[in-house]
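Worksheet: one structure, shown below.
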């Protein structure tokens, strides 16, 4: 799976989490900050982590917290590392 | 058991005294981000636990009161795990820990609730694709549909149907994670194709194919605005308007090209979602139906309507099946008269 495919999958997840933010999500890049640019709350972070596990069939490591992901690129890096 | 609200989630702990609150990890706030013990079971005082917020004490219902351990045992359970690691945001978090100490059951209502939301999320995705010409010779699934398309004598129509079905395979995989070759497609007596694993609807103009996929019944219709202008003058649009729109629809839509096409595409979309047999536009009343209409800007102005339970949260994507772009609100314009009921 390529990075752009991961980003597209993430965009679907983020749309499902909060579809009032379509404009920001349509333009999001790897540099987009989850909280400042995409308006993430702690629940949307939890939602994203659950959705990533379901969608990409991976499991988040122990000792990883929501605060470990500042940008969308950080999340993509993590998923890419976990994918077989 | 106590908890403190941090943003929109709660941090849970076992209250022993004001000097001893035992929790799995420190509260997830920036000031503790670099502490080495932020992911271990630790005892902190109430000020560290609450981070200046107001702590809430758990109020158990009758069933929970019967199930919970004695206070002495709860404290013993919590203390026995001091220093333990293995924190996991979803599978082993502070709420799991507190519930294990109190009830002997590892559960997190917050995680369960968010997981339910994800699984029940409304999905209504619409994909648009230019129809390739000439029609590619690749097979579509299922074979019966492939044979129908190959038997279509009109080159343009065959290319449109082929493109729509190819796009359906793409959309099902992309939005719902379905392997299209393993889906169960059926053809109803009225000639409508359905699928056991997803709801879908197809439409096309001469040059663009549209596919809607959803986890609820859905209908989609796409029209080119220029096509109406080429075929009908102002007077005949008025005639179509008078003839086909119901009284309720005439309250919502103006007798203009855009007004008529908005209503017309909604009728077709609603019919595809719910109707059986032949399409009688006068009998399909869209007033009050859950639907959404978009004007798609570009080389060809398109009007797209989607009807369905999740139409209010529909998203439109342009794709060539290699790259897919979510169309931003300024690239598509929501038309007036929208009735987006949730």
Modelled FRET efficiency - R0 30 Å, residue A:54 with residue B:66, Cβ distances, 0.05 increments: 0.30
Semi-axes of the stretch B:2-116's equivalent ellipsoid from the Cα gyration tensor, sqrt of 5 times each eigenvalue, largest first, rounded to whole Å? 20, 17, 14
Taking each residue in B:315-325, count the Cβ atoms of any other chain within 10 Å of its Cβ, then average. What number comes out? 2
Give the whole-number value, in cubic angstrom per residue, of the convex hull volume spanned by the C-alpha atoms of the stretch B:276-316. 112 Å³
Using the Cα atoms of the stretch B:121-334, I'd like the radius of gyration and the largest Cα-Cα distance, Dmax, both in angstrom. 16.8, 50
Using only alpha carbon pairs under 8 Å that are at least six residues apart, calculate the relative contact order of chain B and give it in whole percent. 13 percent
What whole-number volume per residue, in cubic angstrom, does the convex hull of the C-alpha atoms of the stretch B:167-272 give? 127 Å³
Taking the protein assembly as shown and counting helices only, DSSP H stretches of n ≥ 4 at -39,500 (n - 2.57) each over all residues, the nearest-500 ellipticity at 222 nm comes to -11500 deg cm²/dmol
How much length is gained if the chain between residue B:283 and residue B:152 is pulled fully straight, taking 0.36 nm per residue apart and subtracting their Cα-Cα distance, in nm to one decimal? 44.2 nm
What relative contact order, as a whole-number percentage, does chain A give when Cα pairs under 8 Å and 6 or more residues apart are counted? 37 percent
For the pair residue B:188 and residue B:141, what calculated FRET efficiency results from E = 1/(1 + (r/R0)^6), where r is the Cβ-Cβ distance and R0 = 25 Å, to the nearest 0.05? 0.90
Rounded to whole Å and sorted largest first, list the principal axis extents of the Cα atoms in the protein assembly as shown. 82, 47, 41
For residue B:321 and residue A:63, what is the calculated FRET efficiency with R₀ set at 45 Å and r taken between the beta-carbons, to the nearest 0.05? 0.70
Most fluctuating of B:126, B:149, B:14 in the GNM of chain B (C-alpha, under 10 Å) is B:14
Euclidean distance between Cα centres, the stretch B:138-199 to the stretch B:10-72, Å: 54 Å
Among B:206, B:45, B:257, which one shows the highest mean-square fluctuation when chain B is modelled as a Gaussian network with alpha-carbon springs under 10 Å? B:45
Relative to the longest principal axis of chain B, what angle (0 to 90°, nearest 10) does the C-alpha long axis of helix B:155-176 take? 10 degrees
Ranked by Cβ crowding within 10 angstrom, fewest neighbours first, how are B:316, B:44 ordered? B:44, B:316
When only alpha-carbon atoms are used, what values of Rg and Dmax, in angstrom, describe the stretch A:3-82? 11.3, 34
Averaging sequence separations of C-alpha pairs under 8 Å and six or more residues apart, then dividing by the length of the stretch B:2-116, give the relative contact order as a whole percent. 28 percent
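No lab work stands behind these numbers, since they all come straight from the coordinates. Note that this is a predicted model, so its numbers are computed, not measured. Glycine gets a Cβ as well: all are built from the backbone with ideal geometry, and neighbour counts include every protein chain shown.
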